[in-house]
Amino acid sequence: MADLRILLALAGPAGEGEPNPMASLVMMGLIFAVFYFVLILPMRRKQKKLETLVKQLKTGDKVLLNSGIFGTITGVEEEAFQIRIDDKTRIKVLKSAVAGLQPEPGSPTEK
């Protein structure tokens, strides 16, 4: 029969064991929560605010398009706006191309 000390020596050092899988799940959950509250939630709020603004736009409103073009709405269609950008220049743009209202001259810009 083998000596118990020899068997323990052959077995090697005692392992620290497997890490708890719940700890890694909790960490992943915390990381997701931080991303949600820092990135996703503010983006959703901004998108809903913009959607509400676009629904309320009417003829005569001065808007800023995503491409950086300033214009005045001359016509409202189901999915698009007719925008006047100069005296004789009118373009048709999708409602999703509107980035917001034109800032008033002299008003502080929002950051």
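The values are calculated or read from the model by the stated rules, or taken from the named source; none is laboratory data. No experiment lies behind these values; they were computed from the predicted model shown. Neighbour counts are summed over all protein chains in view; Cβ atoms, including those assigned to glycine, are modelled from backbone coordinates with ideal geometry.
Observations on the structure shown:
- Residue selected from the range 75-111 under the condition surrounded by 10 or more Cβ atoms within 10 Å (Cβ to Cβ) and assigned to a loop (DSSP other than H, G, I, E, B), by the criterion modelled with the lowest pLDDT: Pro103
- Of all residues making up the range 67-111, the number that are aliphatic (A, V, I, L, M) and in contact (Cβ under 8 Å) with a residue 24 or more places away in the chain: 5
- Among the residues of this structure, Leu64 does not count as one that is in contact (Cβ under 8 Å) with a residue 12 or more places away in the chain, assigned to a helix (DSSP H, G or I) and surrounded by 14 or more Cβ atoms within 10 Å (Cβ to Cβ).
- Of all residues in the range 24-52, none that is on the phi > 0 side of the Ramachandran plot and part of a helix (DSSP H, G or I) has its Cβ atom under 8 Å from the Cβ atom of a residue that is at pLDDT below 95 and not aromatic (Phe, Trp, Tyr), 6 or more apart or on another chain.
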